[in-house]
Number of protein chains: 2
Amino acid sequence: MTTLPQTNQQFRLAARPVGLPTADNWQLASEPLAPLLEGEVRVQVLYLSLDPAMRGWMNEGKSYIRPVAIGEVMRAGGVGVVVESKSPDFAVGDHVGGAFGVQQFWTGDTKPGQLNKIDPRVASLPAWLNILGMPGMTAYFGLTEIGQPRAGETVVVSAAAGAVGMTVGQVAKQLGCRVVGIAGGPDKCRFVVEELGFDACIDYKEGAIAAGLKQHCPQGVDVYFDNVGGEILDAVLARINLKARIVICGAISQYNNTAPVRGPANYLSLLVNRARMEGMVVFDYADRYPVAVAELSGYLKQGRMKSKEDIVAGLDSFPETLLKLFNGQNFGKLVLQVAQ
Amino acid sequence: MTTLPQTNQQFRLAARPVGLPTADNWQLASEPLAPLLEGEVRVQVLYLSLDPAMRGWMNEGKSYIRPVAIGEVMRAGGVGVVVESKSPDFAVGDHVGGAFGVQQFWTGDTKPGQLNKIDPRVASLPAWLNILGMPGMTAYFGLTEIGQPRAGETVVVSAAAGAVGMTVGQVAKQLGCRVVGIAGGPDKCRFVVEELGFDACIDYKEGAIAAGLKQHCPQGVDVYFDNVGGEILDAVLARINLKARIVICGAISQYNNTAPVRGPANYLSLLVNRARMEGMVVFDYADRYPVAVAELSGYLKQGRMKSKEDIVAGLDSFPETLLKLFNGQNFGKLVLQVAQ
């Protein structure tokens, strides 16, 4: 029998951020690991998903999920391997996904919804946090259920090189749409077009979003999948077609604002165009994740879609790695590697 | 045979307004009336509908309908009586509705969609511009098709004492909803509750919109019918329920802005609540107006709904009467009486 782990390093929320999170918002703790109770398992966390939504969880106030409490381990989804088990349902060596938190080891019972087994033969472990994980589920259900694109329509997606945007665009291509991404910088735009097969990508850092939309969406915009809010949302609103659908998935440009949120000044384009703007939260579709996983893993195996992760090693680097989400540095799904 | 009219007074658009329309935006012309051509009719305009949307028609730029051109007779819907006819379909004495414009006499052919016969025994002529006219159609289809309220839900409507709001609230009551209006001043609020049967009305001139919504919508807001935009839209966004529907029908608070439109800063409430904001334009439902007219006139006859008009006499008064829409003075549907 190998030596069992004795301690568990954890990032706890020390204080609520104002604007961008700083080192002062975190406390790195080291806790002893208690023996397992009957029915519990212990998971060694291998990879953690770092997501824009985490910034929202650090705020107080009513939202779609309760805030992380001060002193609590920061919430994060991850994949890991079972290292101890007193549950009949999980064996040592099983790979599992769950809301493990920013820590080395997760310990808990195995009631439904806590853990899901994942198969590393279907896709790499980081891909289970990306196209087969929350970002992929968000993209799949947000696009198909709220955006409802039809073949031949034009789909625009912002943060196109990010975890959600990447999959939105690739699924839209599978559905026969013209797909235009919006991303920051020539490298991301090249990746989105050349690697992922988008029809075009607009570099918002070059500034001319309106001109880019006019050039690359000559038939207007039927579906806009919005991850960013702010001026990009306004620019797209100015180009939507009759009966367009705007999926409000996030607003990363606004999450760290200390000023009030900037509302979309062009929202009356919804009236003129009889268009719709609708919010979505991925958890609403939890009972149908397996359907989406089956479809998306099929595309992956057939080489019709790609999963790209930006993997940073070391639990210690969590505070600074998280910031990559907000300064536009990450390229593909941001994943923190906690252990080999 | 009575003497036929020889001249026609008309208000033409002289210049596009910046902010509120002023006297300089109008030219009062007097034109000779040419003899009728074969197939034409001449209508004496009796009542004209004055609507917030007219402000939009005075602007240049793409919208759901082409702008009124400089020098053109100002567009307006109205009811009148046929005074001359060279059409087999209309006889002198027939009452008709149509887009007659701000003038004493309308002359034109009778191709489908130009004129619709109206029956003054079903409802008064002004009511044909109100609950049985465009405002009523807007209210009926916006509420039922976009808002989709279910019995027991809470429906909030702004500009509740205005032409559209009045009917929105009364139809929602017929559907078994809790109905809360937002209007300016105690007289309008009293009217909305005591005469129209709304459950409550919030006086936005008293300022405490958020507190009023909290008090009068204890179960939150399921449907919001927005005629005003601005801070009222933001206040309601902060109180919406899961899966709420917001009907964007207008934004009168923003129409005369010389500053940029104020976007709804609380739009991310759509995300948290998986809610929807959707624009509507009444013309899309034109083929179903007769259905709505039949239903609404039935409610009127049964005394289950009321139509209230604010009637101002005199074509000459058009420029100043129009302004009542934007300074909150009108009470019920604003109608200009052009002739007895």
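The values are calculated or read from the model by the stated rules, or taken from the named source; none is laboratory data. Because the structure is predicted, anything quoted here is derived from the model rather than measured. Heads up, the Cβs are rebuilt from the backbone with ideal geometry, glycines too, and the neighbour counts pull from every protein chain shown. With ligands, DNA and RNA removed, areas are computed over all heavy atoms of the protein, side chains included. Shrake-Rupley method; radii C 1.70, N 1.55, O 1.52, S 1.80 Å.
Brief remarks on what is shown
- Screening A:E60 on (1) open to solvent by 60 Å² or more (accessible area, probe 1.4 Å); (2) more than 21 Å from A:L325 (Cα to Cα) shows it passes everything except condition (2).
- Candidates A:A99, A:A91, A:A76 - the one that is among the small types (G, A, S) and either under 18 Å from A:A15 (Cα atoms) or open to solvent by less than 30 Å² (accessible area, probe 1.4 Å) (or both): A:A76
- Residues that are at pLDDT 95 or above and either within 23 Å of A:G185 (Cβ to Cβ) or in a strand (DSSP E or B) (or both), drawn from region A:310-319: A:I311, A:V312, A:A313, A:S317
- One residue stands out in region B:134-143 among those that are open to solvent by 10 Å² or more (accessible area, probe 1.4 Å) and under 15 Å from B:D51 (Cβ atoms): the one that is modelled with the highest pLDDT, namely B:T138.
- Members of region A:152-163 found to be within 20 Å of A:L237 (Cβ to Cβ) and either in a helix (DSSP H, G or I) or out of contact with any helix residue (DSSP H, G or I) (no Cβ under 8 Å at 6 or more places or on another chain) (or both), listed by number: A:E153, A:T154
- Of all positions in region A:124-144, none carries a residue that is of a type outside the set (A, V, I, L, M), touching a residue at least 40 places away in the same chain (Cβ under 8 Å) and at positive phi.
- Counting only strands (runs of 3 or more DSSP E) wholly contained in region B:168-233, the ones carrying 3 or more residues that are crowded, with 22+ Cβ neighbours inside 10 Å occupy B:178-183, B:221-226.
- Residues in region B:47-62 that are outside any loop (DSSP other than H, G, I, E, B) and within 12 Å of chain A (Cβ to nearest Cβ) were compared, and the one that is modelled with the lowest pLDDT is B:A53.
- Scanning region A:234-255 for residues that are crowded, with 19+ Cβ neighbours inside 10 Å and among the small types (G, A, S) turns up A:A235, A:A244, A:G250, A:A251, A:S253.
- For region A:116-128, the candidate set comprises residues that are part of a loop (DSSP other than H, G, I, E, B) and farther than 20 Å from A:P5 by Cβ; within that set, the residue that is most open to solvent (accessible area, probe 1.4 Å) is A:R121.
- Given (1) closer than 23 Å to B:L334 by Cα; (2) open to solvent by 50 Å² or more (accessible area, probe 1.4 Å), number of the condition B:G113 does not satisfy: (1)
- Residue match in region B:326-339 (condition: of a type in the set (A, V, I, L, M) and farther than 25 Å from B:I118 by Cα): no
- Members of region B:326-340 found to be of a type outside the set (K, R), open to solvent by less than 50 Å² (accessible area, probe 1.4 Å) and closer than 24 Å to B:F105 by Cα, listed by number: B:L334, B:V335, B:L336, B:Q337, B:V338, B:A339
- Tally of residues being in a strand (DSSP E or B) and over 21 Å from the mean Cα position of the chain (by Cα) across region A:87-105: 1
- When A:Q174, A:Q148, A:Q219, A:Q215 are checked against the criterion of being at pLDDT 95 or above and in contact with a Ser or Thr (Cβ under 7 Å, 6 or more places away or on another chain), a single residue qualifies: A:Q219.
- Filtering region B:271-294 to residues that are outside any loop (DSSP other than H, G, I, E, B) and facing chain A (nearest Cβ under 7 Å) leaves B:L271, B:V272, B:R276, B:M277, B:E278, B:G279, B:D284.
- Pairs where the first residue, in region B:297-324, is without any contact (Cβ under 8 Å) to a residue 40 or more places away in the chain and the second is surrounded by fewer than 17 Cβ atoms within 10 Å (Cβ to Cβ), C-beta under 6 Å, 6+ apart: none
- The one condition from (1) over 22 Å from A:M277 (Cα atoms); (2) modelled with pLDDT under 95; (3) not hydroxyl-bearing (S, T, Y) that A:A163 does not meet is (1).
Table: residues versus (1) among the hydroxyl-bearing types (S, T, Y); (2) surrounded by 11 or more Cβ atoms within 10 Å (Cβ to Cβ); (3) touching a residue at least 24 places away in the same chain (Cβ under 8 Å).
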position: B:L4; (1), (2), (3): no, yes, yes
position: B:T7; (1), (2), (3): yes, yes, yes
position: B:Q10; (1), (2), (3): no, yes, yes
position: B:L20; (1), (2), (3): no, yes, yes
position: B:L33; (1), (2), (3): no, yes, yes
position: B:E38; (1), (2), (3): no, no, yes
position: B:V41; (1), (2), (3): no, yes, yes
position: B:L46; (1), (2), (3): no, yes, yes
position: B:S49; (1), (2), (3): yes, yes, yes
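- Filter result for the condition that a residue is open to solvent by 50 Å² or more (accessible area, probe 1.4 Å), within 24 Å of A:L322 (Cα to Cα) and not in a strand (DSSP E or B), over A:I131, A:I65, A:I70: A:I70
- Annotation note: Cβ proximity below 6 Å between a residue of region A:150-174 that is among the acidic types (D, E) and a residue that is crowded, with 24+ Cβ neighbours inside 10 Å and at pLDDT 95 or above (sequence gap 6+ or interchain) occurs for A:E153/A:D222.
- A:L322, sole failed condition from (1) in a loop (DSSP other than H, G, I, E, B); (2) among the aliphatic types (A, V, I, L, M); (3) within 30 Å of A:I118 (Cβ to Cβ); (4) modelled with pLDDT of 90 or more: (1)
- Residue list for region A:284-323, restricted to those being open to solvent by 80 Å² or more (accessible area, probe 1.4 Å) and within 30 Å of B:A275 (Cβ to Cβ): A:D287, A:R288, A:P290, A:V291
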